[in-house]
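Visitor: For reference, the structure I am asking about is given below.
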Amino acid sequence: MKKLLGTSSGFTLVEMLMVVAVLSVVAVMASGVTPSLLQAARADSALTSVVNAVELARDRAVGERREFQVVFTAPNRIQVLRIEVPGPATTVVSNTYLDNGQTYMKFTGVPDTPDAFGNSSAIYFGVTPTIRFTSDGSLLDSSGDPVNGSVFFGDASRATSARAITIFGATGLIHAWKWDGRKWVE
């Protein structure tokens, strides 16, 4: 085949400059959004950890026909214990820690979740931060009464990192909540 004189393949300098300019604009836009996305991902990771630990206790209580205790210890620990028969001995099933600077806390100006189980403290299940699931999946307080409750947590440096779970005592139903800056969303 013959090659025509004066034709060439490749990109012109103007085309290359346009590509570089577009990539630069995209990089600048991404760098402004990345910190808030990273903070949201950290808060969501903590929410997942809390939900998983509580669901583990509830599911194993039902599956093993035993009571399981969940202990929330400040600033960021969740311990799941199996209550042995005969009691009062317990076996540690899991230890979970909220990571990325997330701790149990109440943010000033952030209201209670729509379930309205209480937000007088970061961990609210009536009297104690220790709860237990029974073999039917219900949630009881330390005196053996069904109890609803809430756990609030987040990063103290950013109110939009506020997350919460609520647990309905009669059924053990768990709701996960995120604070979007104006309201709680599921």
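Visitor: For the chain, what does the relative contact order come out to in percent, with C-alpha contacts under 8 Å and a separation of six or more?
Guide: It comes to 18 percent, rounded to a whole number.
Visitor: Also, I was wondering about something else. If you add up the charges near GLY172, with Lys and Arg at +1 and Asp and Glu at -1, over every other residue whose beta carbon is less than 10 angstrom from its beta carbon, what do you get?
Guide: Residues close to GLY172 contribute a combined charge of -2.
Visitor: Among the trypsin sites (Lys or Arg not before Pro) in the range 46-82, which ones are in a DSSP loop with at most 13 other Cβ atoms within 10 Å of the Cβ? Mind listing them? Mind showing how you got there, number by number?
Guide: Working: sites: ARG58, ARG60, ARG65, ARG66, ARG77, ARG82; in loops: ARG65, ARG66.
Here the sparse-neighbourhood loop sites are ARG65.
Visitor: Now a separate question. Would you give the gap between the C-alpha center of the range 134-179 and the C-alpha center of the range 60-87, rounded to a whole Å?
Guide: The range 134-179 and the range 60-87 have Cα centres separated by 15 Å.
Visitor: Quick one: angle between helix 13-64 and the longest Cα principal axis of the chain, in degrees between 0 and 90, rounded to 10, please.
Guide: Around 20 degrees separate the two axes.
Visitor: Build a GNM of the chain with springs between Cα atoms under 10 Å: which of GLY154, GLY126, GLY63 gets the top mean-square fluctuation?
Guide: Among GLY154, GLY126, GLY63, the largest mean-square fluctuation in the Gaussian network model of the chain belongs to GLY63.
Visitor: Still on this model: If you take Rg and Dmax of the Cα atoms in Å from the coordinates, which of (1) 25.2, 95; (2) 17.0, 51; (3) 15.1, 42 do you get?
Guide: (1)
Values quoted throughout were computed directly from the atomic coordinates according to the rules given, and no laboratory measurement underlies them. No experiment lies behind these values; they were computed from the predicted model shown. Every residue, glycine among them, receives a Cβ derived from its backbone with ideal geometry; neighbour counts consider all protein chains shown.
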